[in-house]
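Trainee: The structure that follows is given in the form of structure tokens.
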Amino acid sequence: MNVKILEISLGTRRFGKLFQYADLCRFVAEPELIAAPPPEVLSLSMVASDPSTQAALWSDVKNPLFNAQGGQLPRFFQNLLPEGVLRSHIAQLRGCRENDHFELLAACGGDLPGAVSAKPVSVDRGTLQRLITQDQDALEMSVVELPMPQGISVSGVQPKLGLRRQGGRYVARTRAGASTRVIAKLPVAGRPHMPQLEMLSLQMARAAGVEVCEAELAPLSAIKAEHSYALPDEPDFLAVTRFDRDGARRIHFEDFAQVLAVDPMHKYSASYLDMALAMQAFPSLGESAVLELVRRLAVNDLLGNPDAHLKNFGVLYADGIAPRFAPAYDIVAYAAIQGVDGHALPLLPTNAAAPRRTALFTPANVRAFCFSTGLHEPLVRRVVTDTARLARSLWPEMIDASTLPLPWKKRLQQRLQAHPLLQGMTKRGK
Ligand SMILES: Nc1ncnc2c1ncn2[C@@H]1O[C@H](COP(=O)(O)OP(=O)(O)OP(=O)(O)O)[C@@H](O)[C@H]1O
Ligand SMILES: [Mg+2]
């Protein structure tokens with residue numbers, strides 16, 4: 001029976017081995033991790049609620065967190081894979097199937113989101129026996145190829161490239177000199193103006209008090225890198241500066257599908273309350289992160305972004321240990337385009353199918369949210385009102401000044417004016 005193995009590290013620290021064997025994929029923590037759990041966090045989903053049980057959690061090889069079957073990877077790792085057209089592109093370069101998740105992870109193992117790496121490793125007989133506890137006699141290790149230099153994994157379904165900005169050029173690799181890592185979100189044929197709409201949305205979010213990642217529109221002609229995308233006749237793409245890279249340094253990051261151990265296929269499941277409760281469990285996130293979440297939800301509601309799913313929020317570990325709410329990204333006012341409305345997730349867990357189209361912040365919802373999170377209700381209401389007030393006073397000029405088509409601008413203005421969160425407010429007042 002063949003076994004494929006990848007060594008998983010966080011920065012320079014080895015965390016464990018991920019192996020695929022028959023139908024099973026399992027992560028097994030390094031013995032030294034079990035002997036003395038380090039302070040660095042691979043995933044909040046793998047932090048024991050009581051520190052004294054952390055070693056027991058790492059040694060619990062059968063825990064669902066560390067296991068997957070049927071060609072899937074354990075959830076944390078499945079969420080590291082490229083999605084959409086980037087996945088097809090990587091699969092093609094690697095010569096593997098798009099659903100060969102283990103091979104895709106290996107292909108991108110040198111440049112995964114955050115500070116994780118996955119490298120092929122060969123282990124001795126003893127280690128192999130330790131990993132594969134349900135030992136069989138004829139175990140054989142398969143060779144896993146090295147990560148590809150072009151293997152950059154970024155999740156998300158929109159077409160994108162991982163590039164470096166050097167001067168005014170966007171290149172795949174630099175030979176010398178400093179460069180900044182960016183995610184190039186490309187325009188798509190048949191969906192004009194999306195980079196401009198996303199840029200405006202990020203600026204509007206910032207104006208409303210949200211901490212937003214750095215991004216800029218750049219001409220498509222500035223991309224000096226080989227790629228296989230057919231680029232439409234559009235002027236610009238959106239260059240998003242990566243907050244999980246600082247020169248050669250990698251800053252660990254994970255998204256909320258990883259924090260909550262949710263498969264990426266189910267990124268529209270769970271609720272914003274689930275995210276808030278996870279934040280409340282860690283002091284470095286806590287109340288201020290929940291209030292920032294509320295601010296972002298108010299912005300999404302006001303500008304009409306129905307795509308704020310679990311993978312569109314994350315945490316960043318500047319010191320490798322204490323998570324902070326990562327700056328906001330992927331905010332797009334889809335409501336500028338006709339017929340788009342609703343929310344990616346409900347505020348509260350619900351069994352009903354319809355509520356995503358209904359208001360996010362009803363008084364009853366806000367009360368229940370505050371009750372469950374232990375937040376002071378007037379504080380939460382205040383964040384929503386302050387956000388709406390900033391939007392009301394700053395957005396109309398921003399929308400007017402944008403280069404978007406007139407009907408889109410009109411729709412955004414009308415949505416804002418009619419928005420329930422703004423009722424009873426005057427433009428310059430309060
Ligand atoms: N500024 C950033 N720094 C580091 N990582 C980022 C940044 N912005 C986004 N990411 C990561 O890249 C992923 C893809 O980016 P983004 O969400 O903008 O793409 P998308 O294709 O529009 O996503 P979706 O599938 O939600 O439409 C995010 O889920 C996040 O993990
Ligand atoms: Mg996204």
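Trainee: Just to confirm the number: angle between the C-alpha axis of helix 194-207 and the first principal axis of the chain, 0 to 90 degrees, nearest 10?
Mentor: With rounding to tens, the tilt is 70 degrees.
Trainee: Have a look at the range 2-145 and give its Rg and Dmax from the Cα atoms, expressed in angstrom.
Mentor: 14.9, 45
Trainee: Average the reciprocal distances over every distinct pair of alpha-carbons in the chain, invert the result, and give the Kirkwood radius in Å.
Mentor: 23.0
Trainee: While we're here: Tally up the carbon and sulfur contribution to the accessible surface of the range 287-404 as a whole percent, 1.4 Å probe, everything protein left in place.
Mentor: Roughly 56 percent of what the probe reaches on the range 287-404 is carbon or sulfur.
Trainee: Here's a follow-up. Taking H as built 1.01 Å from N, whose amide H comes closer than 5 Å to the amide H of GLY320, not counting residues under 5 places away?
Mentor: HIS252
Trainee: FRET efficiency for HIS376 and SER49, Cβ-Cβ distance as r, R0 = 30 Å, nearest 0.05?
Mentor: My answer for the efficiency is 0.75.
Trainee: When the chain is fully extended, how far beyond the present Cα-Cα distance does GLN69 get from THR350, taking 0.36 nm per residue of separation?
Mentor: Between GLN69 and THR350, full extension yields an extra 98.3 nm.
Trainee: 7 Å from Cα along Cα→Cβ at both ASP124 and THR241: what's the point-to-point distance in nm?
Mentor: If labels sit at ASP124 and THR241, their model points lie 4.8 nm apart.
Trainee: In degrees between 0 and 90, to the nearest 10, how far off the longest principal axis of the chain does helix 406-418 point, with axes built from Cα atoms?
Mentor: Between the helix axis and the principal axis of the chain, the angle is about 80 degrees.
Trainee: Then there's this: Would you work out the relative contact order for the chain, in percent, from Cα pairs under 8 angstrom that are 6 or more residues apart?
Mentor: Contact order relative to length: 14 percent.
Trainee: Be a star and scan the range 267-285 for residues whose amide nitrogen sits under 14 Å from the point 7 Å along the Cα-to-Cβ vector of ALA318.
Mentor: 284-285, by backbone N distance to the label point.
Trainee: Same structure, new question: What is the set of long-range amide H partners of VAL188 at a cut-off below 5 Å, with H atoms built 1.01 Å from backbone N?
Mentor: Excluding prolines and chain starts, which carry no amide H, the hits are MET194.
Trainee: Under a cut-off of 20 Å between alpha-carbon atoms, report the lysines in cross-link reach of LYS62, not counting same-chain residues fewer than 8 places apart.
Mentor: LYS4, LYS17
Trainee: Right, another one. If I stretch the segment between GLN414 and VAL157 completely, what's the gain in nm (0.36 nm per residue apart, minus their alpha carbon distance), one decimal?
Mentor: Fully extending the segment from GLN414 to VAL157 adds 89.6 nm.
Trainee: Mind checking which lysines have their C-alpha under 22 Å from LYS267, skipping anything on the same chain fewer than 8 residues away?
Mentor: In chain and number order, the partners are LYS160, LYS185, LYS311.
Trainee: Taking Cα atoms, how many degrees apart are the long axis of helix 286-303 and the longest axis of the chain, rounded to 10 and kept between 0 and 90?
Mentor: Long axis of 286-303 versus the principal axis of the chain: about 60 degrees.
Trainee: Each label point is 7 Å from the Cα along the Cα-to-Cβ direction; what then is the distance between the points at ALA281 and LEU139, in nm?
Mentor: Going from the ALA281 label point to the LEU139 one covers 3.1 nm.
Trainee: Do the sum for the chain: with -39,500 (n - 2.57) for every DSSP H run of n ≥ 4, divided by all residues, what is the mean residue ellipticity at 222 nm, to the nearest 500 deg cm²/dmol?
Mentor: After summing the helix terms and dividing by the residues of the chain, the value is -9000 deg cm²/dmol.
Trainee: Residue by residue through the range 103-110, what is 3J(HN,Hα) from phi via Karplus (6.51 cos²θ - 1.76 cosθ + 1.60, θ = phi - 60°)? Round to whole Hz and write x for glycine and proline.
Mentor: Result, ordered by residue: 5, 5, 5, 5, 5, 9, x, x Hz.
Trainee: So if each residue of separation counts as 0.36 nm, and I subtract the Cα-Cα distance between GLN423 and THR362, what length gain in nm does that give?
Mentor: Gain in length upon complete extension: 20.6 nm.
Trainee: Label-point separation (nm) for ASP400 and SER269, each offset 7 Å from Cα along Cα-to-Cβ?
Mentor: Those two pseudo-labels are separated by 4.7 nm.
The values are calculated or read from the model by the stated rules, or taken from the named source; none is laboratory data. Since the structure is predicted, the reported quantities are computational estimates derived from the model, not experimental observations. As a convention, Cβ positions derive from the backbone with ideal geometry for all residues, glycine included, and neighbour counts pool all protein chains shown. Keep in mind that these areas ignore ligands, DNA and RNA; they rest on the heavy atoms of the full protein, side chains included. Shrake-Rupley method; radii C 1.70, N 1.55, O 1.52, S 1.80 Å.
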